[in-house]
Amino acid sequence: MSLHLYDSARREIVEFQSLEPGLVSIYLCGPTVQSAPHLGHMRSRVNFDVLRRWLEFAGHEVRLVVNVTDIDDKILAKAAEAGRPWWAHAYLFEDAFRDAFRSLGVQPPSYEPRATGHIPEMIELIEALIERGHAYPAADESGDVYFDVNSWADYGSLTGQRVADMAPAEDADPRGKRDPRDFALWKGHKPAEPVTASWPSPWGRGRPGWHIECSAMAGKYLGDTFDIHAGGLDLRFPHHENELAQSTAAGRGFARYWMHNAWVTMAGEKMSKSLGNTADVAAAVAKYGGRAVRLWLAGPHYRSAIELSEAALAEAAAQLARIDSFLERAGAVLTDEWVAYAPLTAIGGEFTAAMDDDLATPTALAALFRTVKEGNVALDAGDLESARAARLKAWLMLRVFGLDANAPEWADASASDDLKPVVDGLVGALLEQRAQARARKDWAAADAVRDTLKKLGLKVEDTPSGPRWSLEN
Ligand code: ZN
């Protein structure tokens, strides 16, 4: 394969070569588990799941590490607001994120390390930085330790900035910094914070800064030098710039390529909790199905923004229905056993060239739709050989996109997708009975219907487009 990728550090498309032949190591920044996931959080995992599948399709083994940031200023603040211990708060949302990723067919990574499980590795790294003259404990004895940005000439190289032009680091309550742009590696314990959120260190009890977590975990699992560091565009600065500085200043090679996915936007603005313009993952999956939501996220190029709209999600669902209907139609005619382990070249040069060209998924999808169209034409003409070839090709393409309905990751989803119309019909009939009972003022009968639905664990909401049901959890 000759995969070409846009490397954010070099700011150009370059040929990808893995460090070790046949093995690709990827570190992807995972969520800070402070609150419920929204659709914007899903994009990087879906985009890089497609990259992983494409690399595996080409015969590479992929070692993907995605961290969980389970200690952080925001987690402590949100946990205090919610009246829960911070660790229970973080675990609750770690679980919610895992469910959300699973609902979009994202394969679990090779490993998912938690920040709190790697404090010794972070301390080791900070000690190395102090020893080499690139970090210092705050002079005010607060227990904070900062990275000295002026000591590292390459600081700013990832995003092409000069230190003099940079904004101060956004550390809450900075204490004893030499330069406002120095960022925290270690934060001394504050009396107002729970003692459980602090660990012993050479600088007294405290907790790690955000950036050091990723450097330590990437180094532990992928080695001093690894292939790809990935994440959302918003992480380029300061997070990735700081990760790069810390790791290289400590003498590590760190990432050989940097990849950043663009945002999901709403009315042109980045989707974010703080802007209050978020959309619930479970609601979108319930309405359109996990595969359609995945297609909506994976279809556009990973470096282009995706604007959230009902129309775009509905369009993805319709596209998927066209593909599925061809596969069903072909399945009804082509009753012969078909080879699941087909030659990979059957996927076709056009699709391969698109994916090798910095994951040009829109072009690859166009090839898939053309294949479906050709397959339908072949079925119309009774040309079973061509229909068989088109089915195989479409199936291979779907697998690369992680959209093969028969793959294990969709096993639960497809069962409930199949049942949904049936349940919709039954619930609709019951609601109609309730409406009729109400109309004739037979309150006992209306209540009986409501109680039956409740007993079955179904929650009914009256919406402008009629009643909508969901499972109570
Ligand atoms: Zn990170």
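Just so it is clear, none of the values below were taken in a lab; they were calculated from the coordinates. Since this is a predicted model, take the numbers as computed values, not measurements. Please note: Cβ atoms are built from the backbone with ideal geometry, for glycine as well, and neighbour counts cover all protein chains shown.
A simple spin-label model places pseudo-atoms 7 Å from Cα toward Cβ; at THR196 and ARG329 they are separated by 5.9 nm. Test of understanding: extend the Cα→C-beta vector of ARG102 to 7 Å, then name every residue of segment 62-82 with backbone N under 16 Å from that spot. No residues fall inside that zone. Seen from a random direction on average, the alpha-carbon convex hull of the chain projects onto 26.6 square nanometres. Beyond 25 Å in Cα-Cα separation lie the following of the pairs LYS187/LYS270; LYS187/LYS220; LYS287/LYS373: LYS187/LYS270; LYS287/LYS373. Structural descriptor for the chain: relative contact order 16 percent, calculated from alpha carbon pairs under 8 angstrom and at least 6 residues apart. Cα centroid distance between segment 148-180 and segment 123-144, in Å? Result: 15 Å between the Cα centres. DSSP finds beta bridges in the chain, and of those with both partners inside it, around 50 percent are antiparallel. Counted without the sites themselves, the longest stretch of the chain free of GluC sites (Glu not before Pro) in a DSSP loop having at most 12 other beta carbon atoms within 10 Å is 171-336. Within straight-line reach of LYS190, meaning a Cα separation under 23 Å, sit the following lysines at least 8 residues removed in sequence or on another chain: LYS74, LYS78, LYS177. The modelled label-to-label distance for the pair ASP224/LEU456, using points 7 Å beyond Cα in the direction of Cβ, is 6.4 nm. Of interest is the spacing of the C-alpha centroids, which for segment 250-272 and segment 291-325 amounts to 21 Å. The distance separating the Cα centre of segment 368-409 from that of segment 421-448 comes to 43 Å. Across all C-alpha atoms in segment 253-338, the radius of gyration and Dmax reach 17.4, 55 Å. Distances between placed amide hydrogens fall under 5 Å for ASP182 paired with VAL149, ALA169, all partners being 5 or more residues away or on another chain. Modelled this way, with points 7 Å down the Cα-to-C-beta line, the labels at ALA283 and THR345 are 5.0 nm from one another.
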